[in-house]
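Inspection log for the structure reproduced underneath, given as structure tokens.
The values are calculated or read from the model by the stated rules, or taken from the named source; none is laboratory data. Predicted, not measured: the structure shown is a model, and the values here were computed from it. Glycine gets a Cβ as well: all are built from the backbone with ideal geometry, and neighbour counts include every protein chain shown.
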Amino acid sequence: MTKYLEIGQIVNTFGIKGMVKVKPFTDDTEKRFDNLKKVYIQNKNTRKEYEIEEVKYHKEMVLIKFKGIENPEDANLLRNCYLVVDRDEEEPLEEGTYYIVDMIGLEVYTDEGEKLGILDDVFNSGSSDIYVVKNELGKQILLPAIEDVIKNIDMEQRKMIVHLIPGLM
């Protein structure tokens, strides 16, 4: 498992006081960012800790003011970087919920024992997450993350069991 978890990406600056606009990577944005005191800002080669001074929300984005970032020019240097947190400092997840980064690579089988492929990606369609499963030939199967389809996720065995309802394939 990865030590650091991405929780968002800085996509732009905001205002004249050095705030950044962050696209969040979480289901519950306010729960994730309201009590956050620090984050690491990571680009390809570096990871640096920043203290958070202020958090606001605007049109599905998170606006963050970091200590030491005082103007749009400083904030612009952080554009396209990722916000990451140390997994060891996180609250445990509720039972039955998982970090996407941990799910990628799970082997996916039908409830009849047929291997469908490997979980390659997860994205949100609005009403539910969609699991992207790729087979050995590179063909994708899209599975809605709903109770009728996803029957079991076993993180220790790195295996997911699904039920294919009519119309999925």
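Exactly one of (1) under 24 Å from Glu6 (Cβ atoms); (2) at pLDDT 95 or above is unmet by Val162. Its number?
All conditions are met except number (1).
Being in contact (Cβ under 8 Å) with a residue 60 or more places away in the chain, within 11 Å of Ile10 (Cβ to Cβ) and crowded, with 17+ Cβ neighbours inside 10 Å is the requirement here; does Leu63 meet it?
no
Across region 17-60, which residue is nearest to Ser125 (Cα to Cα) among those that are at pLDDT 95 or above and among the hydrophobic types (A, V, I, L, M, F, W, C)?
In this case the residue turns out to be Val22.
Could you give every pair whose Cβ atoms fall below 8 Å, whose first residue belongs to region 37-49 and is surrounded by 11 or more Cβ atoms within 10 Å (Cβ to Cβ), and whose second residue is part of a loop (DSSP other than H, G, I, E, B), counting only separations of at least 6 or pairs across chains?
Pairs found: Ile41/Leu78; Ile41/Cys81; Gln42/Cys81; Asn43/Asn80; Asn43/Cys81.
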